[in-house]
Amino acid sequence: MSDARTTRADRIRHILETEGAAIEQNTQGFNDGRYESVAALEDYEALKRESREIKEDAIERLPELLDELREAVEANGGTLYLADNAADANEYVRQVVDDADGERVVKSKSMTTEELELNDVLKTDGVDVVETDLGEWVLQLANEAPSHIVAPAIHKSRESIAELFESRFDPEEPLESAEELTRFARERLGEQIADADVGVTGANFVTADSGTMALVTSEGNARKTVAATDVHVAVAGVEKVIPTVEDLAPFLELIGRSGTGQDITSYVSLLTPPVDSPTLDFAADERGAPENREFHLVLVDNGRMAMRQDDDLRETLYCIRCSACSNSCANFQQVGGHVFGGETYSGGIATGWEAGVEGTDVAEEFNDLCTGCSRCVNACPVGIDIPWINTVVRDRINRGDVDADEGAVEWLVEGLTPDAEPSGVDIQKRLFGNFATVARLGSVTAPLSNWMANTDVARALAERFVGIDRRRDLPQFQRETFREWAAARDGLALADAERTVVLFPDLYTNHVQVERGKAAVRTLEALGVTVRVPDVTASGRAPLSQGMVATAQERAEEVAEALVPHVESGYDVVVIEPSDHALFQREYEKLLDEPAHEALAENSYELLEYVYGLLANGADADELADGDGERVAYHSHCQQRTLGVERYTEAVLDERDFDVVTSDAECCGMAGSFGYKQEYYDVSVAVGEDLTAQFRTEGTADRTVVASGTSCLDQLDDLLERPSRHPIELLAPE
């Protein structure tokens with residue numbers, strides 16, 4: 001394995017050991033709270049659509065909204081400064097602090113000032129900068145970076161904070177409980193706020209019509225920061241501007257629920273600065289006139305206007321910094337933002353932000369931790385297609401290396417795996433992205449290929465040069481592929497069939513899990529359906545997962561060319577692998593022309609979804625195998641959950657008298673090639689342990705393990721001591 005991969009693997013392992021437990025407990029708690037809180041909304045999806053529409057409109061009209069906002073701020077008695085970049089913004093704030101003879105600046109959490117590194121800039125001028133939000137203050141004392149957008153110190157335990165306070169302040173009495181720690185922090189921060197000259201806040205939203213700022217916080221220190229200082233500087237990205245105060249309503253309903261599972265956060269402050277309250281002199285215990293207050297709104301571009309013109313990064317600007325994408329991400333739940341994050345931003349949306357404001361070289365450090373499972377899309381309150389942003393940036397990273405020197409091994413891989421990508425693409429990505437070629441070679445030469453791949457020498461070479469972890473079992477290719485089996489069968493067409501389907505033979509079904517393909521055919525035929533198996537097998541999922549967008553588009557076009565004529569003939573498309581079904585439904589919109597995508601999206605079905613539909617429309621369930629009370633432990637695929645089709649598998653198994661217990665683990669951790677990569681193997685296993693623990697309990701340890709996805713089956717087979725099966729194999733008649 002390369003030095004870079006070794007370093008990354010070591011870093012991930014260290015974070016898992018030192019911070020993983022706290023991060024997992026807290027993020028999963030936030031995520032569970034989100035589920036509970038949004039369930040109480042009358043129409044959650046309508047609120048999400050409304051919020052997205054407002055952001056789409058705001059970003060589209062951003063230049064005119066900025067002009068309107070300037071008029072409003074100046075009419076209120078404040079100043080609006082548009083900063084081109086970080087240096088420009090910092091210089092303006094420095095000047096404001098200097099003009100105020102500021103010796104101490106107190107801040108209420110602002111991600112944008114983290115992006116600007118404002119604290120460090122002010123410190124070089126001898127200014128004492130104090131974070132007043134508890135988590136930010138803890139990190140400032142510890143000299144650490146945030147690990148989470150909303151809860152920056154999520155990785156720290158109560159015990160570690162107590163040790164930090166003990167070492168920094170030597171308190172008279174030991175601080176042990178959360179209440180004691182909080183009280184101590186409140187007292188010290190209160191003193192520093194009272195002694196401050198300038199207050200700096202962020203802004204969750206700024207309304208163009210009135211200059212009103214919305215600050216959504218858990219502690220109320222933003223209010224103190226504004227009220228206790230004569231000079232208030234608000235720093236925010238230009239994307240925070242929305243048209244009107246009325247537009248705040250859906251966001252205030254969603255931001256707390258999405259981020260921490262709270263129906264509403266502790267403090268929602270609507271300020272139209274300069275605020276109309278007296279200035280305060282704590283030392284003299286005197287009040288001054290409100291007219292003495294000074295307000296500066298610093299709106300920062302720093303790459304955002306360029307992102308606005310970028311068709312693929314534009315959606316990033318819709319982000320409201322709620323952290324739902326982080327909390328819902330299985331990988332983030334294990335490693336947090338110190339691994340899954342860049343200079344400032346963390347989680348799935350961080351790739352878009354870091355690529356836009358820092359550059360793709362920063363995004364490259366963590367981009368591969370997004371596996372494209374799409375759980376974050378449903379979690380996002382404005383419906384940002386975060387996996388697509390990650391894929392596009394991955395593609396740009398690949399193409400940024402087009403002039404890289406080609407080594408002998410890379411030349412060999414490129415020769416064996418022709419694709420639409422330039423030279424220089426990472427050898428690991430190129431190999432996994434061309435799994436179709438690998439699978440064809442594996443089947444043609446099986447069983448020799450399986451034996452050779454599992455020799456110690458081959459595993460060592462694969463780990464050294466490609467980064468395939470030797471601890472992971474490799475797929476066992478079948479000599480007779482599913483397509484070959486289907487083509488050789490007699491009587492494939494049923495004389496009395498009422499319908500015909502095209503069963504898509506995904507790569508794993510065709511070359512590895514051939515038995516599940518056969519079971520699918522037997523099941524569909526038993527329910528009176530003629531099954532056709534097309535020539536095409538590669539959906540484009542493999543290259544897309546590696547950021548090889550041009551190759552994925554080629555594969556998608558091949559699939560459309562093969563399948564759309566069948567759809568036009570009135571046939572349905574049935575897909576065994578959930579990730580391929582999701583591809584037809586979602587990503588093909590980006591890869592195909594509109595008619596082709598619509599034809600496949602509207603006429604394709606996940607296998608058990610289709611079986612359920614047949615039974616619901618009169619097919620004889622008794623033609624399928626009788627479960628006879630067989631005890632089953634079932635795990636659905638994450639893409640099934642995203643599309644809302646996992647319930648059909650459970651319903652069909654229940655109909656056939658299987659006793660089903662379903663895991664509530666949302667991810668198995670394998671995610672296709674991700675679990676094979678040595679730098680990410682430990683993350684993959686850590687995620688998988690949440691699932692396998694549920695299948696080792698007293699009530700599940702003796703159950704038949706069943707999973708719908710290829711990756712899920714691979715992970716369960718590796719981590720459990722008993723084999724797993726696809727549900728169609730339980731249902732298929734003999």
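Percent of Cα-Cα pairs per 10 Å bin, from 0 to the last occupied bin, for region 1-155, please list those. Spelled out bin by bin, region 1-155 gives 8, 21, 28, 28, 13, 1, 0 percent. In this structure, E721 and R631 have a Cβ-Cβ separation that, at R0 = 22 Å, corresponds to a calculated FRET efficiency of about 0.85.
Nonpolar atom fraction for the chain, defined as the carbon and sulfur part of the 1.4 Å probe accessible area, stands at 45 percent.
Scaling against 2.2 N^0.38 Å puts the C-alpha radius of gyration of region 40-122 at 1.48. Maximal additional length on extending the A460-D120 stretch stands at 117.8 nm, based on 0.36 nm per residue less the C-alpha distance. With a simple spin-label model that places each label point 7 Å from the Cα along the Cα-to-Cβ direction, the separation between E42 and Q476 comes to 5.8 nm. If eta is 1.306 mPa s and T is 10 °C, what Stokes-Einstein diffusion coefficient results for region 1-91, Kirkwood Rh from Cα pairs, in µm²/s? Roughly 85 µm²/s, to the nearest whole number.
Can you give the relative contact order of region 518-565 as a percent, counting alpha carbon pairs under 8 Å and 6+ residues apart?
On the way: 30 pairs, mean separation 15.0, N = 48.
Contact order relative to length: 31 percent.
When each of the peptides 533-543, 38-48 is scored by the mean number of other C-beta atoms lying within 10 Å of its residues, the order from highest to lowest reads 533-543, 38-48.
Calculated accessible area for the chain comes out at 40 Å² per residue, all protein chains present (probe 1.4 Å; ligands, DNA, RNA ignored).
Mind checking the dipole of region 495-600: about its Cα centre, +1 per Lys or Arg Cβ, -1 per Asp or Glu Cβ, Debye to the nearest 20? Provide the component values of the computation, followed by the final result.
Details: 9 positive and 19 negative charges, 90 e Å.
With only Lys, Arg, Asp and Glu charged at Cβ, the dipole is about 440 debye.
Region 90-233 has equivalent-ellipsoid semi-axes of 26, 17, 15 Å, by the square roots of 5 times the alpha carbon gyration tensor eigenvalues, sorted largest first. The convex hull around the C-alpha trace of region 499-563, projected and averaged over every direction, spans 4.6 square nanometres. What you get for the chain, charging only the Cβ of Lys and Arg (+1) and of Asp and Glu (-1), is a dipole of about 1580 debye around the Cα centre.
Measuring with a 1.4 angstrom probe and ignoring ligands and nucleic acids, D620 comes out at about 80 Å² accessible. Unpaired cysteine residues in the chain (no second Cys Cβ under 4.7 Å): C319, C322, C329, C370, C380, C667.
Computed per residue of the chain from DSSP H runs no shorter than four, each worth -39500 (n - 2.57), the mean residue ellipticity at 222 nm is -14500 deg cm²/dmol.
Computed from the Cβ-Cβ distance with R0 of 45 Å, the FRET efficiency linking A306 to D664 stands at 0.60. Per the Debye formula with a single identical scatterer at each Cα and no solvent contribution, what log10 I(q)/I(0) holds for the chain at q = 0.08, 0.09 Å⁻¹? Result of the Debye calculation: -0.69, -0.85.
Mean projection of the alpha-carbon convex hull of region 200-276 over all orientations, in nm²? Intermediate results must be reported in sequence, preceding the final value.
On the way: hull surface 20.1 nm².
Result: a mean projected hull area of 5.0 nm².
Taking only alpha carbon atoms, region 577-669 gives an Rg to Rh ratio of 1.04, where Rh is the Kirkwood radius. Between the helical axis of 549-568 and the dominant principal axis of the chain, each derived from Cα atoms, what acute angle in degrees is found, rounded to the nearest 10? Tilt of helix 549-568: around 50 degrees. Shape analysis of region 516-613 based on the Cα gyration tensor places the equivalent ellipsoid semi-axes at 23, 14, 11 Å, largest first.
These residues, K107, K590, go from largest to smallest accessible area, 1.4 Å probe, as K590, K107. Considering all different alpha carbon pairs of region 182-234, the Kirkwood hydrodynamic radius works out to 12.1 Å. Per residue, the average separation of C-alpha pairs within less than 8 Å and at least 6 apart gives region 507-591 a relative contact order of 25 percent. Taking Cα atoms only, the orientation of helix 386-399 departs from the longest principal axis of the chain by about 80 degrees.
Under the simplified labelling scheme, the A693-A249 pair shows an inter-label distance of 4.3 nm, with each label point 7 Å from Cα along Cα→Cβ.
Most simply put, the chain has about 20% antiparallel DSSP beta bridges, counting only bridges with both residues inside it. With respect to the chain, whose longest principal axis is taken over its alpha-carbon atoms, helix 681-694 is tilted by about 80°.
Using the Kirkwood radius over Cα pairs, work out the Stokes-Einstein diffusion coefficient for region 76-138 at 37 °C and 0.692 mPa s, in µm²/s as a whole number. Don't jump to the answer; show the numbers that get you there.
Working: Rh = 12.4 Å.
In µm²/s, the coefficient is 264.
The values are calculated or read from the model by the stated rules, or taken from the named source; none is laboratory data. The shown structure was predicted, so the numbers you read here are calculated from the model rather than taken from an experiment. As a convention, Cβ positions derive from the backbone with ideal geometry for all residues, glycine included, and neighbour counts pool all protein chains shown. Ligands, DNA and RNA are excluded from the accessible area calculation, which covers all protein heavy atoms including side chains. Shrake-Rupley method; radii C 1.70, N 1.55, O 1.52, S 1.80 Å.
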